[in-house]
Amino acid sequence: MLIRSLFLVGVLALPAAAYPDQLAPEGWASERNGAMTEYTSPSGRERVVIRQITSETDPLKTARAIASGSDVDPDTCQRQSGVAMAACAGSLRLSGGELLIRVYVAETGQNLTGLIHMGLSTEAGLTGRMNTSGARLKALASDTAAPTQSPPAPAPLPPNTTAGPSADLERVVFDLSYSYGVGGAVYPKYAPLYLFKDGGACRCADLAPGDVELAQLRRTRPEDVGTWTRAGADYAVTYADGERDTLDASIGPPALIPNGRLAGRFGSIGGGGKTALGGNTIVIASKDYEFRPDGTFYQESFGGGGNSFVYAGASRSTLGRWRLDGATLSLTYPDGTRLRTSVYWSAKGDLVNGVPDAIWIGGKAYTLED
């Protein structure tokens, strides 16, 4: 039986007659839903969606935004050598199997072109077809060796930013970006960003502030590391690829959990789909943390979605121990695995019985649940 199951198709909306014909899979059925076009394989268990994106200019930043709302880890997104293109890869566990997801974004002419290729892992030849989709888009991508306009040169790195953990924070500020939520809607997203006294900066709140090693991150995550300067009351950050952001230090600002009171149940929800574009496909990914006063925590994750034909989902849960030390949250799991990450709240947020109504764990926002 052919199953139309979970496909993440709503994050890309395609203007009619605006995509390159070279990207269309041969022999696949196509469907236009308003501004969107998607291709479905003969088996019905594999899809490709393509669009031109006129509102963004950076392939990596756009790919990371799409990935973060598509249950794909944004940290898997990497720039492709020689061309203005980025690619990400991930998977989603379902009750009926595993969905593999690839996200590709490339500069093609004056705009960016985005492509999502997804399919059930049991499909024969799936990986090869995904690679073909990426290769076709790469063939259309602009050559980074001859950009139409050179980006501003990044500020020189100050000395002493390469030796060991950068424990001395100058300030933590909120960085604004955009992501795609459930149904395909675009929403603003704030995440803590570290500014160090030695002039280094990084989008790495998934790490505890005392565990950051800028030298290592420059090798493994160069797009997340830069330098900062004061810009009046704000901070200007320049990244290694020339990207520049001006951050308003008054937003939030990120602060330590008041009195260390983290007890409560906090949840986040994300995903994709095309309901915001008039379709009927939706993807949901959620995670809950319940921090208990006795030092134990309960963690539950859920991923699922579907359309008017099928809904599928899968969940998992675990119990461990938690400890809070300033902005460092330590989580110890039953198998002995220990995770150190950051946790903040907004100093302008509200407290419910002394507990913050919203917090950021590992750079992601979670809200207090009843």
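Just one of the listed residues (Asp241, Asp198) is outside any strand (DSSP E or B), of a type outside the set (Phe, Trp, Tyr), touching a Lys or Arg at 6+ places or on another chain (Cβ under 9 Å) and not assigned by TED's automatic domain parsing to the domain that holds Ser330, and it is Asp241.
Residue by residue, here is whether (1) part of a strand (DSSP E or B); (2) surrounded by fewer than 17 Cβ atoms within 10 Å (Cβ to Cβ); (3) of a type in the set (S, T, N, Q) holds:
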position	(1), (2), (3)
Ala205	no, no, no
Arg218	no, no, no
Gly226	yes, no, no
Thr229	yes, yes, yes
Tyr235	yes, no, no
Asp245	yes, no, no
Asn259	no, yes, yes
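Return the residues of segment 261-278 that are modelled with pLDDT under 85, assigned to a loop (DSSP other than H, G, I, E, B) and either out of contact with any helix residue (DSSP H, G or I) (no Cβ under 9 Å at 6 or more places or on another chain) or within 21 Å of Gly326 (Cα to Cα) (or both); say none if nothing qualifies. Gly278, the sole residue that qualifies.
For Thr318, the criteria (1) closer than 15 Å to Arg265 by Cα; (2) modelled with pLDDT of 80 or more; (3) surrounded by fewer than 16 Cβ atoms within 10 Å (Cβ to Cβ) hold in every case but one, which is (2). In the set Leu99, Leu157, only one residue is part of a loop (DSSP other than H, G, I, E, B) and at pLDDT below 85; that residue is Leu157.
Set side by side, the residues Ala106, Ala139 differ, and just one is of a type in the set (A, V, I, L, M, F, W, C), modelled with pLDDT of 80 or more and touching a helix residue (DSSP H, G or I) at 6+ places or on another chain (Cβ under 6 Å), which is Ala106. Ser166 meets all of the listed conditions (1) modelled with pLDDT of 90 or more; (2) assigned to a loop (DSSP other than H, G, I, E, B); (3) among the hydroxyl-bearing types (Ser, Thr, Tyr) but one, namely (1).
The values are calculated or read from the model by the stated rules, or taken from the named source; none is laboratory data. Since we're looking at a predicted model, the values are computed, not measured. No Cβ is skipped: glycine too gets one built from the backbone with ideal geometry, and neighbour counts run over all protein chains shown.
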